[in-house]
Amino acid sequence: MKFTFTEKKIEVGAEVRAYAERKVGKLDRFFRNESEAYVTFSAERGRYRAEVTLKNNGMFYRVSELTSDMFASIDSAAASIERQIRKNKTKLEKKLREGALEREVSPVPVAEDDEAEEEIRIVRTKRFALKPMSPEEAVLQMNLLEHAFFAFINQEDGSFSVVYRRNQGGYGLISSDDVPANK
C-alpha cells in the first residue's frame, strides 16, 4: 500500500506516521491490487482529526474521525473504514455480480461549493474519464465518496447518467435521451 501523508495546522512525528501506516496498512488484505492511502492529520480546538481515504481500482473509501488523541483518531478511522469496506464489498459481490471490485472504475471528482454570488463564475474545472457501471454501483460509489450526486455511463443503455440523493429520501436517476451509436 502506498501512503501519502498531509498535515494541516499540525506537525506529527514519525511515530504517529508509523502507527497510521501499521493500522491502515492492515486494510490492504481486502484488496487484490495495490492500494493507495491518503492520510490527513489536523487539529481543531484541541482535538485531533485523522482523515483516511483509500483508493483501489477506482473505488474510494473515505472516513474522518475527531477525538482528543491522535492515536485514538487513527484507531477509530481504521475501524470505521474496515466496516465500510466489509459492508460495501459484500454488497457489491452479492447484489451486483462476481468480480465487481476488480473492475477498473474512475472516480468522479466534484468541485466544492462556493458561496452564491450575483454573477456566475466558474472557479474550478475538473476533467475525468467516465466508465460504464450500473446505477447501483454508482449509488454505492456516491455514498463511499459522501457526495450528493455521481455522474457515470450507464452500462445498461450506454447513456450519460447521474444518480443523486433525494431530500425526501431514496435516490434519483437522471439519464440522457441520446444514446451513442457505438454502444
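General observations
- Per-region count, segment 4-16, residues under 15 Å from residue 43 (Cα atoms), acidic (Asp, Glu) and open to solvent by 100 Å² or more (accessible area, probe 1.4 Å): 1
- Note on segment 38-80: residues that are surrounded by fewer than 17 Cβ atoms within 10 Å (Cβ to Cβ), among the acidic types (Asp, Glu) and in a strand (DSSP E or B) total 1.
- Filter pass, residue 156 being out of contact with any Lys or Arg (no Cβ under 7 Å at 6 or more places or on another chain) and either hydrophobic (A, V, I, L, M, F, W, C) or open to solvent by 100 Å² or more (accessible area, probe 1.4 Å) (or both): yes
- Cβ-Cβ under 6 Å pairs, at least 6 apart or on other chains, segment 159-170 side more than 12 Å from residue 133 (Cα to Cα), far side open to solvent by less than 100 Å² (accessible area, probe 1.4 Å): 164/149; 164/172; 165/148; 166/172
Matching residues to (1) closer than 27 Å to residue 128 by Cβ; (2) more than 21 Å from the chain's Cα centre (by Cα); (3) surrounded by fewer than 16 Cβ atoms within 10 Å (Cβ to Cβ):
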residue	(1), (2), (3)
2	yes, no, yes
18	no, yes, yes
25	no, no, yes
29	no, no, yes
33	yes, no, yes
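- Answer residue from segment 136-154, given it is of a type outside the set (A, V, I, L, M, F, W, C) and outside any strand (DSSP E or B) and is farthest from the chain's Cα centre (by Cα) among those: 136
- Per the conditions (1) farther than 26 Å from residue 137 by Cβ; (2) at pLDDT below 90, the sole criterion not satisfied by residue 31 is (1).
The values are calculated or read from the model by the stated rules, or taken from the named source; none is laboratory data. Because the structure is predicted, anything quoted here is derived from the model rather than measured. When we count neighbours, we look across all protein chains shown, and the Cβ atoms used for this are built from the backbone with ideal geometry, even at glycine. Only protein heavy atoms, including side chains, enter the accessible area calculation; ligands, DNA and RNA are left aside. Shrake-Rupley method; radii C 1.70, N 1.55, O 1.52, S 1.80 Å.
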